[in-house]
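J.: One structure, pasted below without further comment.
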Amino acid sequence: MARHAIVTGASRGIGRAIATGLARRGYDLALTDIAAQEKVLLETVAEVGKLGGRCIPVLGDVSDIGDCRRAVAEAVQGLGHVDVLVNNAGILRLATIDELTTDTWDQTFAVNTRGVFQMTQAVVPHMKERKYGRIVNIASLAARTGGPGQSHYAASKSAVVGFTRVSSMEFGGYGITVNAVCPGIIVTEMGMNNLRDPERVAYFEKVTDLHRLGQPEDVVGPVAFFASDDSAFVTGQALNVDGGIFYS
Ligand code: NAP
């Protein structure tokens, strides 16, 4: 039986790469994004759908609990069942603590942290019923060591790592594993907004053991591992996928 996955925030960047990688591994997919991204999402769905499996679009904002419930219901209805949830949707709005507004703090947590909770809560009853599930949360290296201007982002992603650990405890008895991936600097719109200065790019290439920035495809293998049965006895973990960054 084909395996089925939901990937949130999948129209571009790391989410799109994960969708493509899972499709190549034989998954049927439900890809989500916000309504404002509908055109790009539909293009991604069409491209990923060419790889063989079924691929359906589901519009929804992960910060809205109603959207999360509807997205999961549409995915279950469209695919038949869901084995895997990849909580990838996220935002980064740079601001130092001096200039950070409460709105930006709340918006960051609403998407990056509450979104993970809400999508998890929406999908888990279905996974419990099937006594099987794989949840993969895309956290960030910022959860270990964020940079200036990322206090709210680092806090939101640290919370995802904590949420991952407790989800693992609460759902392990139902055959559901929950793990997190912590990407380092990945070349996407978000990653490069964070690194507008070429000197910062050169700095990160220098302090990364592999002496390069990451590509979205670099995140796919670890996500596919946590999504698969190769990781059946691995849960509650957070894996850095950062090329070996050493901050001095
Ligand atoms: P990206 O290129 O900005 O893509 C993020 C996707 O999520 C976009 O399609 C975005 O739509 C969507 N999204 C935003 N808010 C959403 C919401 N409320 N509901 C549903 N979808 C939403 O970012 P990325 O670099 O691929 O990042 C993907 C994940 O990896 C994020 O969780 C990010 O925090 C994490 N990450 C990235 C890096 C990096 O260096 N790139 C490093 C560590 C962790 P819009 O285009 O409308 O915003």
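J.: Calculate the translational D of the stretch 10-64 in whole µm² s⁻¹ from Stokes-Einstein, where the hydrodynamic radius comes from the Kirkwood formula applied to all Cα pairs, the temperature is 25 °C and the viscosity 0.890 mPa s. The partial results should precede the final answer.
T.: Values: Rh = 10.8 Å.
Rounded, D is 226 µm²/s.
J.: Further, regarding this structure: How much solvent-accessible surface does Lys131 expose, in Å² to the nearest 10, with a 1.4 Å probe and all protein chains in place?
T.: 150 Å²
J.: Oh, and also: Mean separation of Cα pairs under 8 Å and 6+ residues apart, divided by the residue count of the chain: what relative contact order is that in percent? Before the final figure, lay out each step's value.
T.: Details: 497 pairs, mean separation 45.8, N = 248.
That works out to 18 percent.
J.: Please list, or write none, the lysines whose alpha carbon is within less than 21 Å of the alpha carbon of Lys128, excluding same-chain residues fewer than 8 places away.
T.: Result set, ordered by chain and number: empty.
J.: Using the beta-carbon distance between Ile91 and Arg70 and R0 = 25 Å, what value does 1/(1 + (r/R0)^6) give for FRET efficiency, to the nearest 0.05?
T.: Values: r = 21 Å, r/R0 = 0.83.
So the FRET efficiency works out to roughly 0.75.
J.: Right, here's the next one. Report ³J(HN,Hα) in whole Hz for each residue of the stretch 163-179, in order, from the Karplus equation J = 6.51 cos²θ - 1.76 cosθ + 1.60 where θ = phi - 60°; Gly and Pro get x.
T.: Couplings: 5, 4, 4, 6, 4, 4, 5, 6, 10, x, x, 9, x, 9, 9, 9, 9 Hz.
J.: Quick one: length gained pulling Glu189 to Leu100 fully straight, 0.36 nm per residue minus the C-alpha distance?
T.: Between Glu189 and Leu100, full extension yields 29.9 nm more.
J.: Quick one: angle between helix 198-207 and the longest Cα principal axis of the chain, in degrees between 0 and 90, rounded to 10, please.
T.: Relative to the chain, helix 198-207 is tipped by roughly 70 degrees.
J.: Carbon and sulfur: what percent of the chain's accessible surface (1.4 Å probe)?
T.: Numbers: 6130 of 11320 Å².
Ligands and nucleic acids excluded, carbon and sulfur reach 54 percent.
J.: Enter the Cα centre distance for the pair the stretch 159-216 and the stretch 61-112, rounded to the nearest angstrom.
T.: 16 Å
J.: While we're here: Considering only protein heavy atoms, with the full assembly of protein chains and a 1.4 angstrom probe, order Glu99, Glu199 by accessible area, largest first. Before the final figure, lay out the partial values.
T.: Working: Glu99 120, Glu199 145 Å².
The most accessible residue leads, giving Glu199, Glu99.
J.: Run the simple label-point estimate for Thr145 and Asp209 please: 7 Å along Cα→C-beta, distance reported in nm.
T.: Simple spin-label model gives 1.3 nm for this pair.
J.: Additional query: So what is the accessible area of the stretch 155-206 per residue, in Å², with the probe set to 1.4 Å?
T.: Working: 2480 Å² over 52 residues.
Roughly 48 Å² per residue, with all protein chains present.
J.: Looking at the chain, send over the antiparallel percent of its DSSP beta bridges, to the nearest 5. Each step should come with its number before you reach the end.
T.: Details: 1 of 28 bridges.
Counting DSSP beta bridges with both partners in the chain, the antiparallel share is about 5 percent.
J.: When every alpha-carbon pair in the chain is counted, what percent end up more than 23 Å apart?
T.: The calculated P(r) of the chain puts 46 percent of pairs beyond 23 Å.
J.: With a 1.4 Å probe and every protein chain left in place, tell me how much accessible area Met169 has, in Å² to the nearest 10.
T.: 120 Å²
J.: How much accessible surface area, in Å² rounded to 10, belongs to the heavy atoms of Glu205 with a 1.4 Å probe?
T.: So the heavy atoms of Glu205 present about 70 Å² to solvent.
J.: As a test of reading the structure, rank Asp197, Asp98 by solvent-accessible area (1.4 Å probe, protein chains only), most first. List each step's numbers first, then the result.
T.: On the way: Asp197 70, Asp98 155 Å².
Reading off the accessible areas and sorting them downward yields Asp98, Asp197.
J.: On each of the three principal axes of the Cα atoms of the stretch 101-248, give max minus min coordinate, whole Å, ordered largest first.
T.: The Cα atoms of the stretch 101-248 stretch 51, 38, 24 Å along the principal axes, largest first.
J.: Starting from the Cα of Lys131, draw a straight line to each of the aspartates and glutamates and keep only those under 16 Å, dropping any in the same chain fewer than 8 residues away.
T.: Partners within reach: Asp83, Glu170, Asp229.
The values are calculated or read from the model by the stated rules, or taken from the named source; none is laboratory data. All values derive from a computational prediction rather than experimental measurement. Glycine gets a Cβ as well: all are built from the backbone with ideal geometry, and neighbour counts include every protein chain shown. Note: accessible area is taken over every heavy atom of the protein model, side chains too, but ligands, DNA and RNA are not part of it. Shrake-Rupley method; radii C 1.70, N 1.55, O 1.52, S 1.80 Å.
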